[in-house]
1. Can you find even one residue in the range 133-146 that is surrounded by fewer than 22 Cβ atoms within 10 Å (Cβ to Cβ) and either without any contact (Cβ under 8 Å) to a residue 60 or more places away in the chain or charged (D, E, K, R) (or both)?
2. Name the residue that is nearest to THR199 (Cα to Cα), counting only residues in the range 248-285 that are among the charged types (D, E, K, R) and either touching a residue at least 12 places away in the same chain (Cβ under 8 Å) or assigned to a loop (DSSP other than H, G, I, E, B) (or both).
3. Just one of VAL177, VAL196, VAL191 is at negative phi, surrounded by fewer than 16 Cβ atoms within 10 Å (Cβ to Cβ) and not polar (S, T, N, Q); which is it?
4. Considering only the range 1-39, state which residues are hydroxyl-bearing (Ser, Thr, Tyr) and buried (at least 16 other Cβ atoms within 10 Å of the Cβ).
5. Can you confirm whether the range 205-212 contains a residue that is surrounded by fewer than 19 Cβ atoms within 10 Å (Cβ to Cβ), under 19 Å from the mean Cα position of the chain (by Cα), over 18 Å from LEU137 (Cβ atoms) and modelled with pLDDT of 95 or more?
6. In the range 223-247, how many residues are of a type in the set (Ser, Thr, Tyr) and not in a loop (DSSP other than H, G, I, E, B)?
7. Quickly run through the range 7-22 and pick out the residues that are closer than 26 Å to ILE97 by Cα and within 25 Å of the chain's Cα centre (by Cα).
8. Right, GLY93: assigned to a helix (DSSP H, G or I), in contact (Cβ under 8 Å) with a residue 60 or more places away in the chain and not aromatic (Phe, Trp, Tyr) or not?
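The values are calculated or read from the model by the stated rules, or taken from the named source; none is laboratory data. These numbers were taken from a predicted model, which means no experiment stands behind them. Glycine also receives a Cβ, built like all others from the backbone with ideal geometry; neighbour counts cover every protein chain displayed.
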Amino acid sequence: MDYNINFPNLHIYLDHVGKTISIGGFTIAYYGIVIALGMAAGLALASYQAKKTGQDPETYFDLALIAIICSLIGARIYYVVFRWDLYKDDLWGIFRIREGGLAIYGGVIAAILTTFLFSRVRRIPFGRLCDTAGLGLILGQIIGRWGNFFNREAFGGYCDNLFAMQLPLSAVRSSDVTEELMEHLVTVKGVEYIQVHPTFLYESLWNLCLLLLLLICFNRRKFEGEVFLWYLLGYGIGRFWIESLRTDQLLLPVIGYPVSMALAACLAAISIIWIFAGRYRKRKA
């Protein structure tokens, strides 16, 4: 396998980007390392924000112990359900999570459900938990998306813009390679490359901008839960656009429409309505 990853229009050429690292004879996937770093950073931010706003940071450590596990399971189930063609003949492949295959919306849905149940058990307002934990969630996404970089996955179709990324054809799943990409193959020093939209980078940068806005909005929120609704709105808008570029879209059965685009649009619409309704109720009160 060729390990090069190039950004020709930025004049960045990475000669050896491996997928794993060996420590003491044990192989660890960079994908897993990046996901773990994202989780740790997200938890640190949520705890910091909790302390800053007079909450108990330990609450978010307790929530994280449950939510992280549930989110990983939810993200995997979501991916497997909508990419069943990859696993129907290889059921053990469902458990090979180090090879990639986590759908963030599955993780978000699982996290929301877990947080709701946690709020009922601890008798803490659900909106307060979502606002604070949501900041950690999006930071985790910013970092975690780079796991797709190491796995050479979740990329878009052909492009030749400033951020165009070249991946060796031999290093990506054949199911993610479209006819358009094959028509624009680039050969460099005898190695065939596809040239794609680095959608992982687009989403990471989009989420970084969104996080900065959420931090500004946190102290200006009109009701508890509003910050998380702005997250769902902002992320939904970005995801709808970014998902439209990808070649590995998870599709709804029968109609064949990208499930993440449909979900992003629904969540964005619900969020903006909920925000206006919440602000209206606050004014009336």
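1. Taking every residue of the range 133-146 in turn, none turns out to be surrounded by fewer than 22 Cβ atoms within 10 Å (Cβ to Cβ) and either without any contact (Cβ under 8 Å) to a residue 60 or more places away in the chain or charged (D, E, K, R) (or both).
2. Step by step, filter the range 248-285, then rank; the result is ASP248.
3. On the way: VAL177 fails: surrounded by fewer than 16 Cβ atoms within 10 Å (Cβ to Cβ); VAL196 fails: surrounded by fewer than 16 Cβ atoms within 10 Å (Cβ to Cβ).
After applying the criteria, what remains is VAL191.
4. Just the residues of the range 1-39 that are hydroxyl-bearing (Ser, Thr, Tyr), to begin with: 3, 13, 20, 22, 27, 30-31.
Selection gives TYR30, TYR31.
5. So far as the range 205-212 goes, no, none of its residues is surrounded by fewer than 19 Cβ atoms within 10 Å (Cβ to Cβ), under 19 Å from the mean Cα position of the chain (by Cα), over 18 Å from LEU137 (Cβ atoms) and modelled with pLDDT of 95 or more.
6. Of all residues in the range 223-247, those of a type in the set (Ser, Thr, Tyr) come to 231, 235, 244, 247.
The next check asks that each one be not in a loop (DSSP other than H, G, I, E, B); those that pass are 231, 235.
Adding up the residues that qualify gives 2.
7. LEU14, HIS16, VAL17, GLY18, LYS19, THR20, ILE21
8. On the way: assigned to a helix (DSSP H, G or I): yes; in contact (Cβ under 8 Å) with a residue 60 or more places away in the chain: no; not aromatic (Phe, Trp, Tyr): yes.
For GLY93, the condition - assigned to a helix (DSSP H, G or I), in contact (Cβ under 8 Å) with a residue 60 or more places away in the chain and not aromatic (Phe, Trp, Tyr) - is not met.
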